[in-house]
Amino acid sequence: NAGVTQTPKFQVLKTGQSMTLQCAQDMNHEYMSWYRQDPGMGLRLIHYSVGAGITDQGEVPNGYNVSRSTTEDFPLRLLSAAPSQTSVYFCASSYSAFSGANVLTFGAGSRLTVL
Amino acid sequence: KQEVTQIPAALSVPEGENLVLNCSFTDSAIYNLQWFRQDPGKGLTSLLLIQSSQREQTSGRLNASLDKSSGRSTLYIAASQPGDSATYLCAVRPRDTNAGKSTFGDGTTLTVKP
């Protein structure tokens, strides 16, 4: 049982390049989400999904795209990277969003630097 | 909009001391509140989850309480150890249509000195 797996762990991009951060979970979780963590800003929600085929925006969605074609995977796409997107990105999942009993489980994070 | 505040931002204590970390939130319409630990450069590890109908949860030396009516939670750490040094974050999961939008506090950075 691998939990929440994020790849890559580290990435350096040039301004304007595109890339995809991968997130996969093997716990049959319906809910998946992406956060970014910046010094002094805390954890901020980018996008989330309450089930396959359903996505919605969080607090800071601009510059990012997501899709949820399977229950297991929730990739985060940076369309045209900017230095302001330099951050640590975390993927998190839980069995359901609509229950108080469901623990939110985090991946190990992906550190992205945009030059 | 839900606001989550953690005070103090940093705390330094000698080994063996009992301590309390605080978390406050503005909207009591929540499914649960979860406490996490984050070590430098690492991901978040879940410590305790308290459902909205519960008052407290315990795990080993950790005890978390929830007072939904006043919008407060505390994390009590007994007999602190240097290995407890980390940043502790709380997060609230709102109810119903906003259930996908968990909100985090900025954390309390704890240092336990030998």
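Every number in this text was worked out from the coordinates using simple rules, so none of it is lab data. None of the values given here were measured: they were computed from a predicted structure. Virtual Cβ from ideal backbone geometry, glycine too; neighbours counted across all protein chains shown.
Structure data summary
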read-out: Amide N of segment A:1-34 lying under 13 Å from the label point, which is placed 7 angstrom from the Cα of B:ASP39 along Cα→Cβ; value: none
read-out: Segment B:74-114: C-alpha pair distances exceeding 11 Å, %; value: 71 percent
read-out: Ascending count of other beta-carbon atoms within 10 Å, so fewest first, for B:TYR76, A:TYR64; value: B:TYR76, A:TYR64
read-out: Distant-in-sequence amide H partners of A:ALA81 (H built 1.01 Å from N, under 5 Å); value: A:GLY16, A:GLN17, A:SER18
read-out: Neighbour-count order for B:TRP35, A:TRP34, fewest beta carbons within 10 angstrom listed first; value: B:TRP35, A:TRP34
read-out: Average projected area [Cα convex hull, segment A:55-115], square nanometres; value: 4.9 nm²
read-out: Average partner coverage of A:47-59, which counts Cβ from other chains inside 10 Å; value: 2
read-out: DSSP-defined antiparallel bridges as percent of all bridges, the protein assembly as shown, nearest 5; value: 90 percent
read-out: DSSP beta bridges in chain A [antiparallel fraction, %, rounded to 5]; value: 90 percent
read-out: Whole-angstrom gap from segment B:1-65 to segment B:77-114, using each part's C-alpha centre; value: 4 Å
read-out: Peptide-level mean, for A:37-44, of C-beta atoms on other protein chains within 10 Å; value: 4
read-out: Ratio of the Cα radius of gyration of chain B to 2.2 N^0.38 Å, where N counts its residues; value: 1.03
read-out: Aspartates and glutamates whose Cα lies under 18 Å from that of B:LYS113, excluding same-chain neighbours fewer than 8 positions away; value: B:GLU15, B:GLU17, B:ASP39, B:ASP84
read-out: Label point at A:SER80 placed 7 Å out along Cα→Cβ; residues across segment A:35-59 whose backbone nitrogen lies under 14 Å; value: none
read-out: Ranked list, fewest to most other Cβ atoms within 10 Å of each Cβ, for A:THR55, B:THR5; value: B:THR5, A:THR55
read-out: Cross-link reach list, lysines versus B:LYS68, counting only Cα pairs under 21 Å and skipping chain neighbours closer than eight places; value: B:LYS1, B:LYS101
read-out: Rounded, prolate or oblate (a/c below 1.5 giving rounded, otherwise prolate when a/b exceeds b/c) for segment A:1-74 by Cα gyration tensor; value: prolate
